[in-house]
Amino acid sequence: MTIYFASDHAGISLRQTLLSYVQAARHDVVDLGTEETASVDYPDFGVKLAMALKQDHEGRGIAICGSGIGISIALNRFSWVRAALVSQPEAAELARQHNDANVLALGERLITAETAKASVQKFLSTEFEGGRHQRRVDKLSHIVESAAN
(Lines give C-alpha, C1' and ligand atoms only; values in the text may rest on other atoms or scores of the structure.)
Protein backbone atom coordinates (compact mmCIF):
# COMPACT_ATOMS: atom_id res chain seq x y z
CA MET A 1 0.00 0.00 0.00
CA THR A 2 1.28 3.43 -0.94
CA ILE A 3 0.80 6.35 1.43
CA TYR A 4 0.41 9.75 -0.24
CA PHE A 5 1.28 12.88 1.73
CA ALA A 6 0.14 16.42 1.00
CA SER A 7 0.19 19.64 2.98
CA ASP A 8 0.06 23.36 2.60
CA HIS A 9 2.73 25.68 4.05
CA ALA A 10 1.27 25.37 7.56
CA GLY A 11 1.70 21.59 7.55
CA ILE A 12 5.23 21.19 6.22
CA SER A 13 6.96 20.38 9.50
CA LEU A 14 4.47 17.74 10.61
CA ARG A 15 4.33 16.28 7.09
CA GLN A 16 8.11 15.82 7.04
CA THR A 17 8.07 14.26 10.51
CA LEU A 18 5.32 11.82 9.53
CA LEU A 19 6.93 11.01 6.18
CA SER A 20 10.05 9.87 8.01
CA TYR A 21 7.96 7.94 10.53
CA VAL A 22 6.00 6.10 7.83
CA GLN A 23 9.11 5.39 5.75
CA ALA A 24 10.81 3.92 8.82
CA ALA A 25 7.82 1.56 9.13
CA ARG A 26 8.67 0.34 5.59
CA HIS A 27 5.66 1.80 3.78
CA ASP A 28 5.93 3.14 0.26
CA VAL A 29 5.37 6.89 0.31
CA VAL A 30 4.76 9.61 -2.23
CA ASP A 31 5.29 13.22 -1.17
CA LEU A 32 2.97 15.58 -3.05
CA GLY A 33 4.33 18.70 -1.34
CA THR A 34 4.39 21.59 -0.75
CA GLU A 35 7.94 22.64 -0.10
CA GLU A 36 6.98 26.32 -0.12
CA THR A 37 7.20 28.07 3.23
CA ALA A 38 5.39 31.03 1.71
CA SER A 39 1.62 30.85 1.75
CA VAL A 40 0.06 28.34 -0.66
CA ASP A 41 -3.56 27.25 -1.06
CA TYR A 42 -4.58 24.06 0.74
CA PRO A 43 -7.26 23.18 -1.88
CA ASP A 44 -4.51 22.76 -4.49
CA PHE A 45 -2.80 20.10 -2.39
CA GLY A 46 -6.10 18.45 -1.49
CA VAL A 47 -6.77 18.09 -5.22
CA LYS A 48 -3.31 16.57 -5.79
CA LEU A 49 -3.96 13.99 -3.09
CA ALA A 50 -7.48 13.23 -4.31
CA MET A 51 -6.25 12.68 -7.86
CA ALA A 52 -3.48 10.37 -6.64
CA LEU A 53 -6.07 8.27 -4.79
CA LYS A 54 -8.31 8.18 -7.85
CA GLN A 55 -5.46 6.41 -9.67
CA ASP A 56 -4.56 4.19 -6.70
CA HIS A 57 -7.69 2.77 -5.08
CA GLU A 58 -5.63 0.80 -2.55
CA GLY A 59 -3.59 3.82 -1.44
CA ARG A 60 -4.18 5.97 1.59
CA GLY A 61 -3.48 9.62 2.18
CA ILE A 62 -2.28 11.85 4.96
CA ALA A 63 -3.27 15.49 4.57
CA ILE A 64 -2.06 18.32 6.77
CA CYS A 65 -2.76 22.02 7.04
CA GLY A 66 -2.73 24.38 10.00
CA SER A 67 -6.00 23.12 11.47
CA GLY A 68 -6.67 20.15 9.18
CA ILE A 69 -10.11 21.59 8.50
CA GLY A 70 -9.53 23.27 5.15
CA ILE A 71 -7.67 20.43 3.49
CA SER A 72 -10.21 17.87 4.75
CA ILE A 73 -13.07 19.94 3.32
CA ALA A 74 -11.26 20.17 -0.02
CA LEU A 75 -10.63 16.42 -0.09
CA ASN A 76 -14.18 15.46 0.81
CA ARG A 77 -15.45 17.21 -2.34
CA PHE A 78 -14.39 14.06 -4.22
CA SER A 79 -16.71 11.06 -4.10
CA TRP A 80 -13.86 8.53 -3.82
CA VAL A 81 -12.30 10.28 -0.81
CA ARG A 82 -13.31 9.76 2.80
CA ALA A 83 -11.08 12.15 4.74
CA ALA A 84 -11.31 12.07 8.51
CA LEU A 85 -9.97 14.96 10.57
CA VAL A 86 -8.72 13.50 13.82
CA SER A 87 -6.92 14.72 16.91
CA GLN A 88 -6.37 11.44 18.72
CA PRO A 89 -5.46 7.84 17.84
CA GLU A 90 -8.85 6.44 18.86
CA ALA A 91 -10.58 8.65 16.30
CA ALA A 92 -8.19 7.46 13.58
CA GLU A 93 -8.97 3.85 14.50
CA LEU A 94 -12.73 4.43 14.39
CA ALA A 95 -12.45 6.33 11.11
CA ARG A 96 -10.95 3.19 9.56
CA GLN A 97 -13.17 0.64 11.34
CA HIS A 98 -16.53 2.33 10.78
CA ASN A 99 -16.04 4.79 7.92
CA ASP A 100 -13.36 3.15 5.76
CA ALA A 101 -11.53 6.48 5.77
CA ASN A 102 -8.82 6.56 3.13
CA VAL A 103 -7.35 9.91 4.16
CA LEU A 104 -6.21 10.99 7.59
CA ALA A 105 -6.36 14.77 8.01
CA LEU A 106 -4.35 16.47 10.73
CA GLY A 107 -3.86 20.03 11.94
CA GLU A 108 -0.23 20.84 12.62
CA ARG A 109 -1.20 23.70 14.94
CA LEU A 110 -3.54 21.49 16.97
CA ILE A 111 -1.79 18.15 17.47
CA THR A 112 1.57 17.09 18.87
CA ALA A 113 3.95 15.10 16.71
CA GLU A 114 3.69 12.12 19.08
CA THR A 115 -0.12 12.10 18.98
CA ALA A 116 0.01 12.48 15.20
CA LYS A 117 2.38 9.48 14.94
CA ALA A 118 0.09 7.37 17.13
CA SER A 119 -2.88 8.42 15.00
CA VAL A 120 -1.04 7.51 11.80
CA GLN A 121 -0.09 4.13 13.28
CA LYS A 122 -3.76 3.38 14.08
CA PHE A 123 -4.89 4.66 10.68
CA LEU A 124 -2.44 2.43 8.81
CA SER A 125 -2.90 -0.70 10.92
CA THR A 126 -6.69 -0.75 11.29
CA GLU A 127 -8.93 -2.53 8.80
CA PHE A 128 -12.46 -1.56 7.80
CA GLU A 129 -15.01 -3.73 9.62
CA GLY A 130 -17.52 -3.77 6.77
CA GLY A 131 -20.78 -5.43 7.79
CA ARG A 132 -23.39 -2.92 8.92
CA HIS A 133 -20.97 -0.09 8.13
CA GLN A 134 -20.67 -0.98 4.44
CA ARG A 135 -24.07 0.31 3.36
CA ARG A 136 -23.39 3.62 5.10
CA VAL A 137 -20.01 3.98 3.43
CA ASP A 138 -21.60 3.12 0.07
CA LYS A 139 -24.08 5.95 0.57
CA LEU A 140 -21.23 8.43 1.06
CA SER A 141 -20.04 7.91 -2.50
CA HIS A 142 -23.51 8.63 -3.90
CA ILE A 143 -24.83 11.25 -1.51
CA VAL A 144 -24.90 14.08 -4.05
CA GLU A 145 -26.71 11.97 -6.64
CA SER A 146 -29.22 10.76 -4.03
CA ALA A 147 -29.98 14.25 -2.75
CA ALA A 148 -30.61 15.52 -6.30
CA ASN A 149 -33.33 12.91 -6.89
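Please work out which residue is nearest to GLU58 (Cα to Cα), limiting yourself to the stretch 30-42 and to residues that are aliphatic (A, V, I, L, M) and out of contact with any Ser or Thr (no Cβ under 7 Å at 6 or more places or on another chain). Quick ask: steps written out before the conclusion?
Filtering the stretch 30-42 for residues aliphatic (A, V, I, L, M) gives 30, 32, 38, 40.
Retained after the next criterion (residues that are out of contact with any Ser or Thr (no Cβ under 7 Å at 6 or more places or on another chain)): 32, 38.
Values: LEU32: 17, ALA38: 32 Å.
Checking each candidate, the answer is LEU32.
Scan the stretch 94-145 residue by residue and report those that are β-branched (Val, Ile, Thr) and modelled with pLDDT of 95 or more.
Step one: filter the stretch 94-145 for residues β-branched (Val, Ile, Thr), giving 103, 111-112, 115, 120, 126, 137, 143-144.
Once the filter is applied, which keeps residues that are β-branched (Val, Ile, Thr) and modelled with pLDDT of 95 or more, the stretch 94-145 yields VAL103, ILE111, THR112, THR115, VAL120, THR126.
Is at least one residue of the stretch 78-97 of a type in the set (Asp, Glu), touching a residue at least 40 places away in the same chain (Cβ under 8 Å) and touching a Ser or Thr at 6+ places or on another chain (Cβ under 8 Å)?
First, the residues of the stretch 78-97 that are of a type in the set (Asp, Glu): 90, 93.
With the extra rule that they be touching a residue at least 40 places away in the same chain (Cβ under 8 Å), the set shrinks to none.
The answer is no; no qualifying residue exists.
Give me the pairs: first residue in the stretch 32-60 and part of a loop (DSSP other than H, G, I, E, B), second residue surrounded by fewer than 13 Cβ atoms within 10 Å (Cβ to Cβ), beta-carbon distance under 7 Å, and six or more apart or on different chains, which are they?
GLU58/MET1; GLY59/MET1
Looking only at helices (runs of 4 or more DSSP H) that lie completely in the stretch 83-149, which have at least 1 residues being polar (S, T, N, Q) and farther than 25 Å from HIS57 by Cβ? I'd like the intermediate steps shown before the answer.
Details: elements: 89-99, 113-125, 132-141, 143-148.
The qualifying helices (runs of 4 or more DSSP H) are 113-125.
Only one of SER39, SER7, SER20 is in contact with a His (Cβ under 9 Å, 6 or more places away or on another chain) and of a type outside the set (Val, Ile, Thr); which?
Values: SER7 fails: in contact with a His (Cβ under 9 Å, 6 or more places away or on another chain); SER20 fails: in contact with a His (Cβ under 9 Å, 6 or more places away or on another chain).
Exactly one residue qualifies, and that residue is SER39.
The values are calculated or read from the model by the stated rules, or taken from the named source; none is laboratory data. Computed from a predicted model, the values in this text were never measured in an experiment. Note: ideal-geometry Cβ built from the backbone for every residue, glycine included; neighbour counts use all protein chains shown.
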